[in-house]
Amino acid sequence: MAVVMAGFVDFEITWREDVFSGAPQSSSAADFGTVGINFRARKAANEAEWLAALNELNCEMPVSSRPQPRLGADYFYDAGDAGCAYGPIDEIAKQMRHMKPGQTLEVRATDPTVAIDLPAWCRLAGHQFVAQQGHRYLLRRKS
């Protein structure tokens, strides 16, 4: 997406290599799978080419790669890797307000702070924290 935002219509990776393995100094970049790359990019020659490239762009995430509910809840919310301080609690509260008493919400959140913050928020808001399975949390709306 950053390539499109920069106005490029062609983008090709010409070289890719693990440049951190065996390096004389250690780097945390190797822990994240960081690799070195060279690339070629080309801007549109004219407005028509740019518009054609934008029309061909598909930004939809394949359904198979989207996180799916697993806990049998009435509703599902995917917070991704955002911690509670970055907005998921607001979204969860909004979703809970639109649910009927007793209905359940499954929350998927990979940030470790959610395991502490979400049960505390449930206690404060009066909702029931039903279960946690890994990065999945099951909440029940208050009666």
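Read-outs: derived from the displayed coordinates by stated rules, not from any lab. These numbers come from a predicted model, not from an experiment. Cβ coordinates were reconstructed from backbone atoms using ideal geometry, including for glycine residues, and neighbour counts include every protein chain displayed.
Extension gain for T110 to R123 (0.36 nm times residue separation, less C-alpha to C-alpha distance): 2.6 nm.
Bridges between two residues of segment 65-140, per DSSP, are antiparallel at a rate of about 65%.
Full extension from E49 to D74: what is 0.36 nm times the residue separation minus their Cα-Cα distance, to one decimal in nm?
On the way: separation 25, 0.36 × 25 = 9.00 nm, distance 4.58 nm.
Result for the pair: 4.4 nm of gain on full extension.
Inter-label distance, K142 to D18: 5.2 nm, where each label sits 7 Å from its Cα along the C-beta direction.
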